[in-house]
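Structure record follows, encoded as structure tokens.
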Amino acid sequence: MAENKGVLVIGGGMSGLTAAIETAEAGINAYIVEKNPYLGGRVAQINKYFWKLCPPNCGLEIQFKRIKNNPLMTVYTLAEVQEIKGEGGNFDVTIKVNPRFVNDKCVGCDACAQACPSYRSNDFNFGMDKTKAAYLPFGQAFPFQYIIDSHACSKDCMKPCFEACKYNAIDLDMKPQTINLKVGAVVLATGWNPYDVSKLDILGSGKIKNVITNMMMERLASVDGPTQGKIVRPSDGKEIKNIAFVQCAGSRDENHLPYCSYICCLASLKHAMYVREQYPEAKVQIFYIDIRTPGLYEQRFYWKIKDDPNVIFTKGKVAGIAEDAATKDVIVDVEDVYGGSKIKAKFDMVVLATGMDASGLKVGTAISYTPDGLVDDAALKKGIYVVGTPKSPADVARSVQDATGAALKCIQSVNRR
Ligand SMILES: Cc1cc2nc3c(=O)[nH]c(=O)nc-3n(C[C@H](O)[C@H](O)[C@H](O)COP(=O)(O)OP(=O)(O)OC[C@H]3O[C@@H](n4cnc5c(N)ncnc54)[C@H](O)[C@@H]3O)c2cc1C
């Protein structure tokens, strides 16, 4: 057999983890390059995921264990691929690994964070709270290793984190590193970003405090989120009596994402469950164009939630969202298609069901997009495979299936040579 060159997997979410683990368990070196300081991707930010509605760790922990047990796996966090040269079977890859300023001696004791005097906006919670500049991205982070955000360190900081660490784990002199690898195949498992709400001017452009996105709702409902899992209004911490969900916020719209994001109806149904579990009296209104719950999800979610008398489904595209300046309530303008009238309704809070955006990928090789803005897999170089949501919006199950298929193609491609 020819030299085993290994497989590069860009992105350490569920898809990337699956592709890399399947490859390594077949006896081929797998390298994960993840730009975040942790693995797990968007799934790590979800409160509970369908269809079983278990917390993200029920799937992620098994994957992390498989990584730890496999000597053929190498993980680079805080890393990005700068260049992929060559061709299928013979790629030269350059990776930049940014400094964490905390080394492998870290035991996760939190002493550095307690001593740190500076704060930063918590990107894991979409800016809804702050962390110290020395922080653990979230409670179950893998690797379980703190990080220091050098941009958030104040100028007059006298390195109290360094002095507080008993394990010599803080290294403020760490520099970016360049890694060169030779691999036989590449998997793009870069996932998706929430559609940018600042582009949705009729829906408040992300400026109305009590209008949040569906991913923010996942964090609000999470026990390790900004409110320890209590769903309350961001403006004043008030409990929720009535809440609206606006479907297709930027999806199925030729001015934004022309495609259906597949997951948003399901996510809002799941969020309606979160709200109803916490507030038995709360009213939930879902404004939709079409409710789309593919396959078995129809039975498992839609049918179940449809029977809840406190959840009202109104067919109609939302034409405007405004804030009541005095109360900070949210006023929604919508045409009720079946009722044949225009509605102006007031809510404590509104959730925008924003879709999955895969544009703007930077992976060290040319990427072409379809007219819909998704990655055009047919245009990729031979030996480079794209999986999951960059090709088409998908749930975890479909992403994982696709990643397993890509692993098989990589194994064949590497072994053939
Ligand atoms: C509100 C909401 C709720 C959802 N709830 C569910 C649910 O309950 N059940 C379900 O099955 N699905 C759910 N989904 C869908 C689910 O999030 C996706 O199916 C899943 O995230 C796909 O995993 P992935 O690994 O392909 O992508 P991601 O989770 O996006 O992971 C991609 C990873 O790649 C990294 N990355 C990106 N670019 C680069 C780069 N250039 N270099 C290095 N690393 C990079 C990212 O940092 C990330 O870690 C939900 C989606 C939304 C919007």
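Details
- In the chain, the calculated helix contribution to ellipticity at 222 nm averages -5500 deg cm²/dmol per residue, counting -39,500 (n - 2.57) for every DSSP H run with n ≥ 4.
- Semi-axes of the equivalent ellipsoid for region 262-417, computed as √(5λ) from the eigenvalues of its C-alpha gyration tensor and ordered from largest down, come to 40, 19, 14 Å.
- The mean sequence separation of alpha-carbon pairs under 8 Å and at least six residues apart, normalised by the residue count of region 58-206, gives a relative contact order of 27 percent.
- Only protein heavy atoms count here; under a 1.4 Å probe, ARG398 has an accessible surface of about 100 Å².
- Evaluated over region 153-241, the count of Lys pairs having alpha-carbon atoms less than 23 Å apart is 13 (only pairs 8 or more residues apart or interchain).
- Put LYS155, LYS182, LYS304 in order of accessible area, highest first, and with a 1.4 Å probe you get LYS155, LYS304, LYS182.
- Taking the DSSP bridge list for region 1-77 and keeping only pairs wholly inside it, about 10 percent are antiparallel.
- More than 24 Å apart - percent of Cα-Cα pairs taken over region 123-232: 50 percent
- Relative contact order, whole percent, for the chain stands at 20, derived from Cα pairs under 8 Å and 6 or more residues apart.
- Given LYS52/LYS362; LYS130/LYS315; LYS132/LYS362, the pairs whose alpha carbons are separated by over 32 Å: LYS52/LYS362; LYS130/LYS315
- For region 191-328: rounded, prolate or oblate by the Cα gyration tensor [a/c cutoff 1.5]: rounded
- Applying a length cut-off of 15 Å (Cα extent along the axis) and a mean Kyte-Doolittle floor of -1.0 to the DSSP H helices of the chain leaves 14-25, 57-68, 264-278, 396-416.
- Percentage of interatomic Cα-Cα distances in region 223-263 larger than 14 Å: 63 percent
- Charge dipole (debye, nearest 20) of the chain; +1 at Cβ of Lys and Arg, -1 at Cβ of Asp and Glu: 460 debye
- Those Cys residues of the chain for which no other cysteine Cβ falls under 4.7 Å: CYS106, CYS109, CYS116, CYS153, CYS157, CYS165, CYS248, CYS260, CYS264, CYS265, CYS410
- Scaled radius of gyration (Cα, divided by 2.2 N^0.38 Å) that region 294-344 gives: 1.50
- Region 94-154: relative contact order in percent, alpha carbon pairs under 8 Å with at least 6 residues between: 37 percent
- Taking PHE313, PHE101 and ordering them by how much accessible surface each has at a 1.4 Å probe, largest first, produces PHE313, PHE101.
- The DSSP beta bridges internal to the chain are antiparallel in roughly 50% of cases.
- Distance distribution P(r), the chain, all Cα-Cα pairs, bin width 10 angstrom from 0: 4, 20, 28, 25, 16, 5, 1, 0 percent.
- Here the Gaussian network model covers the chain, with springs between Cα atoms less than 10 Å apart; of GLU61, GLU277, GLU87, GLU277 fluctuates the most.
The values are calculated or read from the model by the stated rules, or taken from the named source; none is laboratory data. Every value quoted in this text rests on a predicted model; they were computed, and no experiment measured them. Counting neighbours? That spans all protein chains shown, and the Cβs are built from the backbone with ideal geometry, glycine included. The accessibility values were calculated without ligands, DNA or RNA, using every heavy atom of the protein model including side chains. Shrake-Rupley method; radii C 1.70, N 1.55, O 1.52, S 1.80 Å.
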